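Here is the structure we will look at, set down as structure tokens.
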Amino acid sequence: ELLVGAARRAGELRPDVEAVDVLRLVHGVAAASELADGDGGQLRRYVGLLVEGLAPRPRA
């Protein structure tokens with residue numbers, strides 16, 4: 001929770017993201033990567049999607 005709070009305060013994490021969200025999403029990526037059959041490109045894609053989804057959106 002400390003890391004998530006620090007990331008939120010720094011503007012690097014969406015304000016609606018909680019620590020449990022990050023844990024569950026990382027667990028999901030880890031589980032999905034086991035199905036990727038050693039395809040590093042697919043794992044990088046999953047991690048990229050996760051990181052981009054957690055990032056705050058620019059204000060209009």
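All of the numbers you see were taken from the coordinates with simple rules; none came from a lab. All values derive from a computational prediction rather than experimental measurement. Positions of Cβ are generated from backbone atoms using ideal geometry, with glycine treated the same way; all protein chains shown enter the neighbour counts.
Among residues of the range 1-21 that are without any contact (Cβ under 8 Å) to a residue 40 or more places away in the chain, those with a beta-carbon under 7 Å from a residue that is assigned to a loop (DSSP other than H, G, I, E, B) at least six positions away or on a different chain give the pairs V4/L13; V4/V17; V4/E18; A7/L13; R8/P15; A19/E1. Taking the criterion of being assigned to a helix (DSSP H, G or I), surrounded by 12 or more Cβ atoms within 10 Å (Cβ to Cβ), over 12 Å from the mean Cα position of the chain (by Cα) and among the hydroxyl-bearing types (S, T, Y), would at least one residue in the range 36-53 satisfy it? No, the range 36-53 contains no residue that is assigned to a helix (DSSP H, G or I), surrounded by 12 or more Cβ atoms within 10 Å (Cβ to Cβ), over 12 Å from the mean Cα position of the chain (by Cα) and among the hydroxyl-bearing types (S, T, Y). Looking at A31, is it surrounded by 14 or more Cβ atoms within 10 Å (Cβ to Cβ) and of a type in the set (G, A, S)? Considered against the rule, which asks whether it is surrounded by 14 or more Cβ atoms within 10 Å (Cβ to Cβ) and of a type in the set (G, A, S), A31 comes out as no.
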